[in-house]
Amino acid sequence: MRRNNLLVLDQVNAGYGGLQVLHEVSLEVEAGEVVALVGANGAGKTTTLRTIAGLLVPSAGRIELEGESVVGLGPHDLVRRGVVMVAEDRELFGALTVYENLVMGAFTRSADERGESLDQVHELFPILEERAQQKAETMSGGQQQMLAIGRALMARPRLLLMDEPSMGLAPKLVADVFATIDRIRSTGITVLLVEQNAKRTLETADRGYVIESGEIHLSGTGDELLASDDVRRAYLGL
Amino acid sequence: MSDAGASSRTGRLQTRLHVPRWVWGVVLALVVLLWRWTEVSDLAVTPAGRTIALQALTTGLLIGGVYGLVAMGLSLIFGVLEIINFAHGAFLTLAMYLTWVLADGVGIDPYLTLLITPLLMFLVGAAVQKVVINPAMGQPLENQLLLTFALSILIENALLLAFSANPRSVRLDYANASIGPVEFPLRIGGAIIELPRIVAFVGGLAVAWALFSFLNRSRVGTAIRAAGLNRTGASLVGVNVDRIQVLTFGLGTAVAAAAGVLVLPFLTLEPTTGTQFNILSFVIVVLGGLGNIGGALVGGILIGLTQEIGGLLFPGQSKLLPVFIIFIATLFLKPEGLFGGGAE
């Protein structure tokens, strides 16, 4: 095993009720990396992230954060330990303003930290400062995605889990999202990124895993995976 | 497909005071009811008739404030837990007996028990949520309805066993005192307003204000609002939603308990006293929008007025008839029906 692993999944099984989605999923994320998890629709990408975030409890296997087991901890516990998820459907507080959503994001943080994070998020997404008093639900999809990422950053994550951040966005906005991920990486935050947009994702990521039918199928650096025939055929349409 | 079972929802908890549009509809209905009364009643045009009308309006307004408070508790619980708590009225009765024991048995002033009864009922509500309600969370609505309904029967019968069906009441030595130049009961234009009813109204508004402030200003209140808007979203920003549900149920129960303390000095207490509060709160919460705390307060006052004006129009009949007419009209006229957000 590698040194410096922030997150380790070892032979994790998980699912919903009687339906097992993940079969012995193992993966590792080092501190400071951007790791991609790519795969087709329904392959278990979201389930993997939800399990790491504590929204699902694995039926078997180990999940360790800096060597400590976090199996059975709720999502609120994991937020306090620095694991924060940007959910696929964003899970914003739609009736609240942009500002209130960001403040909620810093629920586990002190008022001082909150003010500091707010400045950083506003710098990253100036639109969130301009639209501070607008209700979250009245914003466009791209702006809501920025708010969802901004709200997650307000919690000062060490590991940011991002579920399909580019989904449903116009090409110009997709480029913005990937640029944002680069900027987040540069601040030292580790990112585990789930995407259907495999090419873009693997270009951005340091390393990647390919998941198929709930099993990890391939792993390697972003470039290795991009060069792999399997990946090219199955996910890049080449 | 990997998202099956994800519990995402758009919550309806509203913790700011808006005046919803339907209010004007109910006010109009009340005016029509009063006008109807002047048409059908010989009394209406006489001075005695005016006194009766004034009495109905003041009594309705004052009791309506308390109805609003009870309904706020119910609406809060729905807003966060998405369950209709049919034991809300039974908890109110339990709180009234608690106050009766403290006042009649121990000798504490009934109003002083405002510092004790709601606190104890908070613990009761929290414990009930944790032990009884929580296992049923996520089950179909009917299961939760039956569960809380059973709970209300259980509480009522336990009270019957413990205290018998004999009506109880507490006496206030100072109900007819005078404070400075003001003599109680107050007389305004012939209408008589008793001190305990004024205290109940003012106290009810004070508790309502405290609840608003708590929800909108405090950290725990913030967590409650978050959980009431989006449960998954709340857990993803670090809110312990399970704990918030326990707290919220306790808080809603404590609010009903405070209302129970406030009405005890002018009601007779029996194990079924809470039933009417229960039904009325349900009506009010639907009127005000499920989860809309401010709507519940406004709705409570309007339903109090409706009930008393209804008493004028149908003397000797159920005062509740016009209340239910308004209830049914609401269900027809609000296209979003039971689960509408109400105020916007």
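What the table shows:
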{"item": "Whichever lysines have a C-alpha closer than 29 Å to that of B:K319, once near sequence neighbours (fewer than 8 apart) are set aside", "result": "B:K334"}
{"item": "Rounded percent of accessible protein surface that carbon and sulfur make up, the protein assembly as shown, 1.4 Å probe", "result": "58 percent"}
{"item": "Highest-MSF residue in chain B out of B:L120, B:L112, B:L269 [GNM, Cα springs under 10 Å]", "result": "B:L112"}
{"item": "Sequence of B:F78, B:F327 when ordered by accessible area, the most exposed leading, probe 1.4 angstrom", "result": "B:F327, B:F78"}
{"item": "Buried area at the B-A interface (accessible, heavy atoms, 1.4 Å probe, summed, Å²)", "result": "2400 Å²"}
{"item": "Extended-chain gain in nm, criterion 0.36 nm per residue less alpha-carbon gap, B:A329 and B:L119", "result": "71.8 nm"}
{"item": "Tilt relative to chain B, helix B:88-100 - C-alpha long axis, 0 to 90 degrees, to 10", "result": "60 degrees"}
{"item": "Peptide-level mean, for A:74-80, of C-beta atoms on other protein chains within 10 Å", "result": "6"}
{"item": "Relative contact order for the range A:135-238, counting Cα pairs under 8 Å that sit 6 or more residues apart, in percent", "result": "20 percent"}
{"item": "Net charge contributed by nearby residues that have their C-beta within less than 14 Å of A:P58 (K/R +1, D/E -1)", "result": "-1"}
{"item": "Mean Cα-pair separation over length for chain B, i.e. relative contact order, pairs under 8 Å, 6 or more apart, %", "result": "38 percent"}
{"item": "Sequence of A:R90, A:R158 when ordered by accessible area, the most exposed leading, probe 1.4 angstrom", "result": "A:R158, A:R90"}
{"item": "Accessible-area order (highest first, 1.4 angstrom probe) of the listed residues B:W24, B:W37", "result": "B:W24, B:W37"}
{"item": "Cross-link partners of A:K172 among lysines (Cα-Cα below 19 Å; sequence separation of 8 or more within a chain)", "result": "A:K199"}
{"item": "Separation of alpha-carbon centers, the range B:112-189 and the range A:104-129, rounded to whole Å", "result": "43 Å"}
{"item": "Occluded residues from the range A:89-128, i.e. those whose accessible area drops by 50 Å² or more once the chain is not alone (1.4 Å probe)", "result": "A:E91, A:F93, A:M104, A:F107"}
{"item": "DSSP bridge pairs, the protein assembly as shown: antiparallel proportion in percent, nearest 5", "result": "60 percent"}
{"item": "With Cα atoms, 0 to 90° folded angle of helix B:141-163 axis to chain B main axis", "result": "50 degrees"}
{"item": "Alpha carbon centroid spacing (whole Å) that separates the range B:229-307 from the range A:1-35", "result": "44 Å"}
{"item": "Crossing angle, helix B:321-333 versus chain B [Cα axis fit, 0-90 degrees, rounded to tens]", "result": "40 degrees"}
{"item": "Per residue, in Å², the accessible surface of the range B:247-295 once ligands and nucleic acids are set aside, probe 1.4 Å", "result": "17 Å²"}
{"item": "Helix-only [θ]222 nm of chain A, DSSP H runs n ≥ 4, -39500 (n - 2.57) each, per residue, nearest 500", "result": "-11000 deg cm²/dmol"}
{"item": "Span-like helix ranges in chain A, DSSP H, alpha carbon extent 18 angstrom or more, Kyte mean at least 0.0", "result": "A:141-154, A:171-186"}
{"item": "Nearby aspartates and glutamates by direct alpha-carbon distance to A:K45 (threshold 13 angstrom, same-chain neighbours under 8 apart not counted)", "result": "A:E88, A:D163, A:E164, A:E195, A:E212, A:E215, B:D3"}
{"item": "Relative contact order (%) - criterion: Cα under 8 Å, at least six apart; region: chain A", "result": "27 percent"}
{"item": "Among A:E88, A:E116, A:E33, residue whose mean-square fluctuation peaks in a GNM of chain A (springs only between Cα atoms under 10 Å)", "result": "A:E116"}
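The values are calculated or read from the model by the stated rules, or taken from the named source; none is laboratory data. These figures come from a predicted structure and were not determined experimentally. Cβ: placed from backbone, ideal geometry, glycine included. Neighbour counts: every protein chain shown. Just so you know, the surface numbers come from the protein's heavy atoms only, side chains and all, with ligands and any DNA or RNA stripped out. Shrake-Rupley method; radii C 1.70, N 1.55, O 1.52, S 1.80 Å.
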